[in-house]
Structure formats: structure tokens, C-alpha cells
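What follows is one structure encoded as C-alpha cells, with my remarks underneath.
The values are calculated or read from the model by the stated rules, or taken from the named source; none is laboratory data. Everything numeric in this text was worked out from a predicted model, so none of it was measured. Don't worry about glycine lacking a Cβ; one is built from the backbone with ideal geometry, like all the others, and counts go over all protein chains shown.
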Amino acid sequence: MAYPVLSIANKILAYGAAANDEGELFSNMKLQKLLYYVQGFHIAVFNRPLFNEDIEAWMYGPVVPAVYESVSYTHPRAHETGAYLVCRLLLEK
């Protein structure tokens with residue numbers, strides 16, 4: 001059974017937030033690569049995909065467009081880190 005990719009993304013972000021008190025900040029790129037790795041691992045171990053959405057090869061790495069489009073670049077908390085956009089906003093939706 002495949003799961004919705006946004007649910008998987010939220011689980012990854014929740015795990016990162018639980019790893020430390022303030023919550024780990026994820027860039028969109030980091031989240032995309034983690035989705036790529038968990039999809040590959042799940043296929044290798046269970047011989048079926050974790051989610052049905054396609055993963056595309058973009059210039060800077062793998063991207064799940066459904067997740068990429070869900071991350072708002074104009075989120076008011078985007079200033080929380082200088083180098084990356086805060087992706088914890090998915091947890092707030």
C-alpha cells in the first residue's frame with residue numbers, strides 16, 4: 001500500500017523536529033533528497049514504492065513536484081535561517 005507523499009514528508013519533518021528541542025531546519029532540497037532515499041530504500045526492501053508520486057531529475061537533484069509545490073517560498077518564517085528555507089511549514093498545514 002502506497003501512502004500520500006505529503007504524509008511521508010510530514011513524518012520526515014516531524015522526526016527531524018523530535019530529534020532536538022528546537023526542531024531541525026530542513027531546506028526544500030534536503031527534504032527532496034530524503035524522500036528520494038526513503039523511496040529507494042522502501043523499494044529495495046519491500047519491492048514496492050512507499051508513495052506513488054513521480055520523482056523527477058532536476059538540475060540540483062531529485063524532486064517530488066507535489067511536495068515541491070506545497071512548500072511556500074513566501075512563508076513568514078522563512079527568515080529563521082539564512083541559508084535555507086524553513087520547511088517545517090508543512091507541519092503547520
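General observations
- Close pairs (8 angstrom Cβ cut-off, 6 or more residues apart or separate chains): in contact (Cβ under 8 Å) with a residue 12 or more places away in the chain and within 17 Å of VAL5 (Cα to Cα) in the range 44-62, surrounded by 12 or more Cβ atoms within 10 Å (Cβ to Cβ) and of a type in the set (Gly, Ala, Ser) anywhere: ARG48/ALA2; PRO49/ALA2; LEU50/ALA2; PHE51/ALA2; ASN52/ALA2; GLU53/ALA66
- When each of GLU53, GLU24 is tested for being assigned to a loop (DSSP other than H, G, I, E, B), in contact with a helix residue (DSSP H, G or I) (Cβ under 6 Å, 6 or more places away or on another chain) and either modelled with pLDDT under 85 or at positive phi (or both), the lone residue that passes is GLU24.
- Qualifying residue in the range 35-46 (condition: surrounded by 17 or more Cβ atoms within 10 Å (Cβ to Cβ), in contact with a helix residue (DSSP H, G or I) (Cβ under 8 Å, 6 or more places away or on another chain) and modelled with pLDDT of 85 or more): yes
- Among the residues making up the range 56-93, those that are assigned to a loop (DSSP other than H, G, I, E, B) and at pLDDT 85 or above are MET59, TYR60, VAL64.
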